[in-house]
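Presented below is the structure to which this report refers.
The values are calculated or read from the model by the stated rules, or taken from the named source; none is laboratory data. Since the model is a prediction, treat every value here as computed from it, not as a measurement. With ideal geometry, Cβ positions are generated from the backbone for all residues, glycine too; neighbour counts draw on all protein chains shown.
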Amino acid sequence: MKKDTISNFLSHGLLIFLAAIWVFPIIWIVLTSFRGEGGMFVPYIIPKEYTLEHYRYLFNGNSNFPFVKWFTNTFIVSVVTCILSTILTVSMAYVLSRLQFKMRKPIMKVSLVLTMFPAFMSMIAVYYLLKAVNLTQSLFALILVYSAGAALNFFIAKGFFDTIPRTLDESAMIDGASKAEIFTKITLPLSKPIIVYTALMAFMAPWMDFIFAKVIMGDNVEKYTIAIGLFSMMTRENADHLYMAFTAGCVLIAVPITLLFIYLQKYYVEGITSGSVKG
Amino acid sequence: MSQIGSTISSSLKQYSAFFKEGSGVRNLSFIIMGASHLSKGQLIKGSLFLSAEIGFILFMILQGFSAIGGLLTLGTAQQGWVMDEELGIEVLAKGDNSMLMLIYGIVAITLCILFICVYHAHFKSMQYISDLEKKGLAIPSFKDDVKSLLDDKFHITLLAIPVIGVLVFTVIPLIYMISIAFTSFDHNHLPPKNLFDWVGFANFSNILTGRMAGTFFPLLGWTLTWAFMATATSFIFGVLLALLINKKGIKGKAVFRTLFVLTMAVPQFVSLLIMRNLLHASGPVNVFLEDIGLISAPIPFLTDGLIAKLSVITINMWIGIPVTMLVATGILMNLPSDQIEAAKIDGANGFQILKSITFPQILFVMTPSLIQQFVGNINNFNVIYLLTEGGPVNSNYYSAGETDLLVTWLYKLTIETADYNIASVIGIITFVLSAVFSLFVYTRSNSFKKEDGLG
């Protein structure tokens, strides 16, 4: 049994070491956000002075960096996007998994092809289309862009629907239920994990995207989302004196997302494994 | 293609057969849509078809024909200074805007195709009614039609909005960008100041054999190396980490798992910008290494070509390993243990079991997600852009650096240098790369053979 104890001890040691490496950058962000002295680069890790000044700076409002406004913008965009994309993705996945019709396979193949184009390729064209209908620099445009493509992310949800036994549908059909009733009253209540997974992914996207939002919002600082807002703090002239404020902002957005993520981790694993197992 | 051709010819045969068989109002419907429906009392449906046709004809007369014509020429009148006789000075005369003409042209053609679909649906509906009449059944009322959208035609209800969304925000923009690849839309031909024109395959040959080849091939090589290394390292070490965490006797499994998963929840632009800062010449890592005397000068983690390449692959593990770990954990818990038991009885050691049983089992289940990751890494914009912005700059390349992937080069070509045509070609090539690789591996993998893939 002695051999086991040693190997157990080593395994724990290795895991703790690895966990430290993984968590270190996160801890460093938090420490930096409270650091009272210095600029972008300091040659040590533990701050010499602690301050809340950087958090205060963010909340006191500054016309170039209206943090609270960015936060509200992102929140509105992500809530609406989350609702719309979840509806779109789930309907698309359900149709392609369950309903039989002539265009089923062609639609699936075309979607697969479409997802293989780099997303940036169409970015400029989307911008000009939105400009043609005078929608650029608005939150509505951002919601449209984030939600419209959602239908193409149906593969994981479809994998999930494929695992729900078809006999349920058939027995309901014999009882005279219409297809819409089967979808809303039988399939959806059984699909909580995948709905939560889809919603979670859609909710997080606007907090993380800094390319599309930037292209659509241009220089309208008032309409920025948090990601491009924080990113705009890191320009060459601002990076040094705003660095701690930037990390403070990062902490403020990372905390809610992380909590949400840990809380919903179970659904994430179920979603991702059901999709990957079933292709 | 031949499939589409045969579908069209069979439809046309149906049309002519139906036309010969019918008479009067029903054949009038071929020209005036909805006439037959209106005459049979389907007022709402009939007027919907009629208004679709009127709307389409109005659109074509007012905008459509000129838009499609513009698509062929992409503009003829260049913006320039013209002498205004009345004022006696030169004024700026607005020219054609090639870019807008291209977009409008594509939209017009899309509307034409949509109209053909509506026309075909109209024809099908007439056919359906005449079938019902022959059998002596009642013609469905508008209410019945709406009801069927929740039952037999439920797929139409559910698909309508997603398909429109994808059409407008993905398909049309993609067609537009693909068209750009065949034009001369670069920094010398920027609308509205200048016109651009169709140039055929000139951009493709420019990239494959011409001026851009010296940038394209090195970047292509690096993109493939990167995608392979990034996927492989994340996969192997992710599985190993999952095995380590799930080993018998490890305490606090959930805590360790959560610590690693924590990193997935932090937005990449945050964690990667922080990494970049940590690895900077005057950042903490270099200062620390200098202080303990390991190095005498800062290591150029992200500013030397080769080291930067190694750095981005290494840092990518920080992002990729937890993802694989999470998925592999889920799989490990469901793996059958009888094979392992049998191997143990036969005297296999831990490494042999891992190599010959556990790894292949995980690989089998994860093949589809590995392909996704590989394709995702070919398109991995975030890691490269946030860490190095493609740098360090290589003066032999056109507007690209040592660590640039094809996608980050594409981004630079559109945002920085405005060479849209080259960027489009790169996009198309990246697409072909992803598609070929996915199909190749997908059809050969065990999980495709055993399950029916697309289902």
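In segment A:183-211, the qualifying residues are those that are farther than 24 Å from A:F59 by Cα and surrounded by 22 or more Cβ atoms within 10 Å (Cβ to Cβ), and the one that is nearest to the other protein chains (Cβ to nearest Cβ) is A:F183.
Can you pull out the residues in segment B:346-388 that are assigned to a helix (DSSP H, G or I) and among the charged types (D, E, K, R)?
Within segment B:346-388, B:K355 is the sole residue that qualifies.
Residue under question is A:L168, and the condition is that it be under 22 Å from A:A205 (Cα atoms) and either in contact with a helix residue (DSSP H, G or I) (Cβ under 6 Å, 6 or more places away or on another chain) or of a type in the set (D, E) (or both); does it hold? It is false that A:L168 is under 22 Å from A:A205 (Cα atoms) and either in contact with a helix residue (DSSP H, G or I) (Cβ under 6 Å, 6 or more places away or on another chain) or of a type in the set (D, E) (or both).
Of all residues in segment B:301-321, those that are away from every other protein chain (no Cβ under 14 Å), in contact with a Ser or Thr (Cβ under 9 Å, 6 or more places away or on another chain), in a helix (DSSP H, G or I) and β-branched (V, I, T) total 2. Of all positions in segment B:322-343, at least one carries a residue that is without any contact (Cβ under 8 Å) to a residue 12 or more places away in the chain, crowded, with 16+ Cβ neighbours inside 10 Å and either part of a helix (DSSP H, G or I) or within 13 Å of chain A (Cβ to nearest Cβ) (or both).
Selection of segment A:204-233 for residues being without any contact (Cβ under 8 Å) to a residue 40 or more places away in the chain and closer than 19 Å to A:L129 by Cα yields A:K214, A:D219. Determine whether A:S91 is crowded, with 21+ Cβ neighbours inside 10 Å, closer than 22 Å to B:L102 by Cβ, polar (S, T, N, Q) and within 8 Å of another protein chain (Cβ to nearest Cβ). So A:S91 fails the test.
To keep it simple, each residue is scored yes or no on (1) farther than 20 Å from A:N8 by Cβ; (2) of a type in the set (S, T, N, Q); (3) at pLDDT 85 or above.
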residue: B:A232; (1), (2), (3): yes, no, yes
residue: B:F237; (1), (2), (3): yes, no, yes
residue: B:L244; (1), (2), (3): no, no, yes
residue: B:K248; (1), (2), (3): no, no, no
residue: B:A254; (1), (2), (3): no, no, no
residue: B:T263; (1), (2), (3): yes, yes, no
residue: B:F269; (1), (2), (3): yes, no, no
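Scanning segment A:66-77 turns up no residue that is among the aliphatic types (A, V, I, L, M), facing chain B (nearest Cβ under 8 Å) and surrounded by 21 or more Cβ atoms within 10 Å (Cβ to Cβ). Scanning segment B:286-314 for residues that are surrounded by fewer than 17 Cβ atoms within 10 Å (Cβ to Cβ) and either more than 25 Å from B:I384 (Cα to Cα) or more than 42 Å from the chain's Cα centre (by Cα) (or both) returns B:F288, B:L289, B:E290, B:D291, B:I292, B:G293, B:L294, B:I295, B:S296, B:A297. Could you tell me whether A:L142 is over 18 Å from A:A199 (Cα atoms), more than 8 Å from every other protein chain (Cβ to nearest Cβ), hydrophobic (A, V, I, L, M, F, W, C) and surrounded by 20 or more Cβ atoms within 10 Å (Cβ to Cβ)? For A:L142, the condition - over 18 Å from A:A199 (Cα atoms), more than 8 Å from every other protein chain (Cβ to nearest Cβ), hydrophobic (A, V, I, L, M, F, W, C) and surrounded by 20 or more Cβ atoms within 10 Å (Cβ to Cβ) - is not met. All of B:V270, B:V255, B:V239, B:V261 fail the test of being buried (at least 17 other Cβ atoms within 10 Å of the Cβ) and more than 7 Å from chain A (Cβ to nearest Cβ), apart from B:V239. Need the failing condition index for A:M234 against (1) surrounded by fewer than 23 Cβ atoms within 10 Å (Cβ to Cβ); (2) assigned to a helix (DSSP H, G or I), just the number. Looking at each condition in turn, A:M234 falls short on (2).
From the residues in segment B:349-362 that are under 15 Å from B:N334 (Cβ atoms) and among the hydrophobic types (A, V, I, L, M, F, W, C), which one is nearest to the other protein chains (Cβ to nearest Cβ)? Here the answer is B:I362. Counting only helices (runs of 4 or more DSSP H) that sit wholly inside segment B:139-207, those with at least 1 residues that are exposed (fewer than 15 other Cβ atoms within 10 Å of the Cβ) and within 13 Å of chain A (Cβ to nearest Cβ) are B:142-148, B:154-166. Per the listing B:A232, B:A213, B:A227, B:A281, the residue uniquely within 28 Å of B:K309 (Cβ to Cβ), within 14 Å of chain A (Cβ to nearest Cβ), within 32 Å of the chain's Cα centre (by Cα) and small (G, A, S) is B:A227. Which one is farthest from A:F212 (Cα to Cα) among residues in segment B:385-406 that are within 14 Å of another protein chain (Cβ to nearest Cβ) and free of Cβ contacts under 8 Å to residues at least 40 places away in the same chain? Looking at residues that are within 14 Å of another protein chain (Cβ to nearest Cβ) and free of Cβ contacts under 8 Å to residues at least 40 places away in the same chain, I get B:G390. Here segment B:377-432 is the region considered, the condition is being in contact with a His (Cβ under 8 Å, 6 or more places away or on another chain) and over 14 Å from A:M123 (Cβ atoms), and the residue that is surrounded by the fewest Cβ atoms within 10 Å (Cβ to Cβ) is B:T417.
Would you list the helices (runs of 4 or more DSSP H) that sit entirely within segment B:15-93 and hold 2 or more residues that are more than 27 Å from B:A138 (Cα to Cα), within 40 Å of the chain's Cα centre (by Cα) and in contact (Cβ under 8 Å) with a residue 24 or more places away in the chain? Don't jump to the end; show me each part of the working.
On the way: elements: B:25-28, B:35-39, B:43-59, B:65-73.
Correct list: B:43-59, B:65-73.
Assigned to a loop (DSSP other than H, G, I, E, B), at the interface with chain B (Cβ under 9 Å from one of its Cβ atoms) and either among the aliphatic types (A, V, I, L, M) or surrounded by fewer than 19 Cβ atoms within 10 Å (Cβ to Cβ) (or both), is that true of A:F101? Yes, satisfied.
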